[in-house]
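Report on one structure; see the data block that follows.
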There are 2 protein chains.
Amino acid sequence: MQSKILSQKDINSIVSQVGLNELLDELISRLRTAFTELSAKNVQIPTRTGIHYSNPDLGLLEWMPASIDEGQASLKIVGYHPSNPIKRDLPTILSSIGIFDTQTGHLQCLLDGTFATALRTGAMSAIASELMTRSKSSITLGVIGCGAQAVTQIHSLSRLFEIERIIAYDTNSYASKSLSDRVAFTGIQVESVSESNVVSTLLEKADILCTCTSADPGSGPLFKDFANKPHLHINAVGSDFPTKIELPINLLRRSFVCPDFKEQAMAEGECQKLLEHEISTDITGLLNSRALQQTAKDGLSVFDSTGHAYADYMTGLMFHAFATDMGLGTEIEIESEPPDPIDPYSFLSKPAATCGSSPAKHAIRPISTASSR
Amino acid sequence: MQSKILSQKDINSIVSQVGLNELLDELISRLRTAFTELSAKNVQIPTRTGIHYSNPDLGLLEWMPASIDEGQASLKIVGYHPSNPIKRDLPTILSSIGIFDTQTGHLQCLLDGTFATALRTGAMSAIASELMTRSKSSITLGVIGCGAQAVTQIHSLSRLFEIERIIAYDTNSYASKSLSDRVAFTGIQVESVSESNVVSTLLEKADILCTCTSADPGSGPLFKDFANKPHLHINAVGSDFPTKIELPINLLRRSFVCPDFKEQAMAEGECQKLLEHEISTDITGLLNSRALQQTAKDGLSVFDSTGHAYADYMTGLMFHAFATDMGLGTEIEIESEPPDPIDPYSFLSKPAATCGSSPAKHAIRPISTASSR
């Protein structure tokens, strides 16, 4: 059986044909429906696990599985290497998503997870913000952490909110100053502030705040608690690792806190500092309760976004569906599929007998293992 | 960056060029060295995890990670669907292996894991059998379970032992009767026996026994304990799931038991019935101790093979190295790699601005989600 491999070019073709705004709108719509219906589905989302190393820089490889009892499952493999942008001119996150047929175990599709991760993370913040924010117009958006995720946070929010201005801060001044250019297509002005103005300007004026930093584990929170504001919605996107937090505990305790994935957030997100009863509800609970939405809108609120495998699954399905519809992708038979399923050699072009009884056509050349490492 | 995708045809080309025997000999040699040196390496092998379902047939998808502190990691994704051969003419195991660069998280190579799993499982049994068996000549090999794994068990053992005859049994008479044809290339005669002769003929005469069944969890053991024999080495290959066992507990207790991966074997293999002190040593311990090898040779011995992710890793590296050496594989840029690593849209061929300010070229066509499920 063939597996459909979507290249970066294929994803590019999908965006060109659909339009970036329209694609994001479609994803927001699909994710809103999917998470509204999530509790009614027979879904398995095992805890993500991975390999963590210092090699010599901090890095990790994680796999995020999701299956839904409708014949498919997905596995996102995601590498997180914060030294990539500066040292190697590569994104922090490099990722791919596999989609599997659960009747057979066959890999149906493999596609990019880097763009998908950025898109779905933005889309989830937009969906959550809409449920927890009183007004959709004249929004001042604060952004702390101006890397790749900031772009899709801003873009996604701009699809559901009328954003008047953005106030941005990053410890890396290149990142904060270049954000304006990177989101110029939204038409929203970006003002970059220095560290000393984060509390007095950025936090003071923001109606919605996105924190999307790659701060080191143990170094948070990003700022000290500040004088109470009656309303502020925060999308805390950066915390996704044990001991990595972005927000002050007292701010969390005063807020309506809604994680994307409660168990994961209690292990890796802002919720790791909270007791279970201090967490209000998860995103599915919030989508299904107008009363809870009203409670969230009445004060401070936090969307604790650790990254949900079900969002990856839905994003992967969306790209797979567009690619199928548009005839995109490269079909490759990856899994060996012997004509006799109980003879693992029967896919080989020559009878195994000839391999067994005659010398090899070519002697084994020495393989430099060093070259493959 | 490009990822090298190896197709079934590429694997076929490697086998044609190297020779099937020579490839297996190379793998046996690489695995023997790798497992001898394993304890001295900085290796991470997290427990395999997965999704288990009845859809409606029993199935599971698991991922088996391995990393070694030399810049690479692997993840084998393996589907186990025992109804595949009869219902869908597909192998029970469909699998692929990803090889990753741990500097960046980049997917370097994706290749078949179905053939690789069968080969490495056979190779590991051959390596273990050599360490625990007194004689290499005039061997009678018993085989219970005549599916795909039986072929590579027999082939691998035939590379290190002079096998005189094979006595085989399977609950499926087609499987047991066809085994002779499937291993004809080895030149070894296969005699198939009925259930009533398993103990009296197969177990009585075997010097080495391979159990490689897909018996249902909870249904084992495959046979009752039998009158003591002074020497018998068993490769128990089928047990790889909680409550799935192949051997009687009393036989295990009389035997020198060596698992491939102790923690995994205690969770999923024959070792789940044993206390920790009843397990002699793992394969690395055995490779490094002539004294333990002698103890194993002096009586009954069991290699409890649950499937080791490090063997998958080494097998994946071998195929990757051959493919690179032979110029095989399809190079595809899967992970989106934006020229500006902090702008996830910068890989798109058109400036995002044009997407944002103009209507989509094509309206979104309705996507039938059913078609993608």
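A few comments on the model shown:
- The stretch between residue B:195 and residue B:267 holds 23.0 nm of extra length on full extension. This uses 0.36 nm per residue minus the Cα-Cα distance.
- Cross-link partners of residue A:244 among aspartates and glutamates, defined as those whose alpha carbon lies under 12 angstrom from its own and excluding same-chain residues fewer than eight positions apart: A:216, A:268, A:270.
- Among A:247, A:60, A:24, the largest mean-square fluctuation in a Gaussian network model of chain A (Cα springs under 10 Å) belongs to A:60.
- Each helix, a run of at least 4 DSSP H residues, gives -39500 (n - 2.57); summed and divided by the residues of chain B, these come to -9500 deg cm²/dmol at 222 nm.
- Those residues of region A:264-285 whose amide nitrogen sits under 17 Å from the label point placed on residue A:42, 7 Å along Cα→Cβ: none
- Mean-position separation - Cα centroids, region A:95-167 and region B:208-283, in angstrom: 49
- Residue mean of other protein chain beta carbons inside 10 Å, B:18-30: 4
- Modelled label positions at residue A:87 and residue B:49, each set 7 Å beyond Cα in the direction of Cβ, lie 2.6 nm from each other.
- Angle between chain B longest axis and helix B:114-132 axis [Cα atoms, degrees, rounded to 10]: 30
- Simple spin-label estimate for residue A:33 and residue B:231 in nanometres, 7 Å along Cα-Cβ: 6.8
- For chain A: relative contact order, % (alpha-carbon pairs under 8 angstrom, 6 or more apart): 18
- Region B:83-223: relative contact order in percent, alpha carbon pairs under 8 Å with at least 6 residues between: 22
- 0 to 90° range, to nearest 10: angle between helix B:8-18 axis and chain B longest Cα axis: 60
- Sequence-distant aspartates and glutamates (8 or more away, or on other chains) whose Cα lies within less than 15 Å of residue B:136: B:162, B:164, B:207, B:298
- Sorting B:36-49, A:195-208 by their mean Cβ neighbour count within 10 Å, with the most densely packed peptide first, gives A:195-208, B:36-49.
- Here the Gaussian network model covers chain A, with springs between Cα atoms less than 10 Å apart; of A:248, A:85, A:259, A:85 fluctuates the most.
- Mean Cα-pair separation over length for region A:176-335, i.e. relative contact order, pairs under 8 Å, 6 or more apart, %: 21
- For the peptide B:109-121, the mean number of other protein chain Cβ atoms found within 10 angstrom of a residue's Cβ is 4.
Every number here is computed from the coordinates shown, using simple stated rules; none is lab data. All values derive from a computational prediction rather than experimental measurement. Every residue, glycine as well, gets a Cβ built from its backbone with ideal geometry; the counts of neighbours run over all protein chains shown.
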